[in-house]
Amino acid sequence: MLASHSRDGQLMADFARRFGLDVVRGSSSRGGAEALRELVRAVRAGEDVAMVPDGPRGPARRLQAGIVALAATTGAPIVPVGVAARPARRLGSWDRFMVPAPFARCAVVFGSALEVKRHDDREDARVRIERALQDATDTADDLVGGWTHR
């Protein structure tokens, strides 16, 4: 799992490690190149990789280029995942991080696997994947009976 060097990233890294997940630290704004190299090694070793698509500073719901670069470099598919909960509290952070209320109705939606070929136009791929992530999130929102991301 990729987590930024931020305070929020530290919280996510600690949480992931409690479940036995390996964590690579880095982001588009700090340590990204080394993190990408570590993720390439992990994918080539047969491991699955999880990344938050909008990076440590956003903008929210805008896919960052690192995911596309990783897929193009390794040939690994990208599986978009959308998550929603109702009721949920939104934090005042730039990404309006969602914290589900106890006993909330939650939905996790997995989109179809998407490939990025080494020579594909990276911006076209980024837009295509960003749209698939939005579609998965919108579907999750619909499943919990409300909108939590739109």
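Values quoted throughout were computed directly from the atomic coordinates according to the rules given, and no laboratory measurement underlies them. These figures come from a predicted structure and were not determined experimentally. Because the Cβ atoms are built from the backbone with ideal geometry, glycine has one as well, and the counts that use them run over all protein chains shown.
Per-residue 3J(HN,Hα) values for segment 75-92, derived from phi via the Karplus relation 6.51 cos²θ - 1.76 cosθ + 1.60 with θ = phi - 60°, read x, 6, x, 9, 10, x, 10, x, 10, 8, 8, 8, x, 8, 9, 9, 6, x Hz in sequence order (x marks Gly and Pro).
Shape summary: the chain maps onto an equivalent ellipsoid whose semi-axes, from the alpha-carbon gyration tensor, are 25, 19, 14 Å in decreasing order. Each residue of segment 117-126 was assigned a 3J(HN,Hα) from its phi angle through the Karplus curve 6.51 cos²θ - 1.76 cosθ + 1.60 (θ = phi - 60°); the sequence is 6, 3, 9, 5, 5, 5, 5, 4, 5, 4 Hz, with glycine and proline shown as x. Summary value for the chain: 20 percent relative contact order, contacts being C-alpha pairs under 8 angstrom separated by 6+ residues.
The H on the amide N of ALA104, modeled in the peptide plane, is under 5 Å from the matching H of no residue at least 5 residues off or on a different chain.
For segment 101-150, the list of GluC sites (Glu not before Pro) that fall in a loop by DSSP and count at most 14 other C-beta atoms within 10 angstrom reads GLU115. Go ahead and collect, in residue order, the members of segment 58-87 whose backbone nitrogen is under 13 Å from a label point 7 Å along the Cα-Cβ direction of ARG118. Residues passing the 13 Å test: 72-76. 3J(HN,Hα) along segment 32-38: x, 5, 5, 4, 4, 4, 5 Hz, from the Karplus curve 6.51 cos²θ - 1.76 cosθ + 1.60 with θ = phi - 60°, whole Hz, x for Gly and Pro. Put simply, the amide H of VAL24, placed in the peptide plane, has neighbours under 5 Å in LEU2, ALA3, leaving out anything fewer than 5 places away on its chain. Between ALA60 and PHE19, the distance separating the two model label sites (each 7 Å from Cα on the Cα→Cβ line) works out to 2.2 nm.
Placing unit charges on the Cβ atoms only, positive for Lys and Arg and negative for Asp and Glu, gives segment 2-143 a dipole magnitude near 420 debye about its Cα centre.
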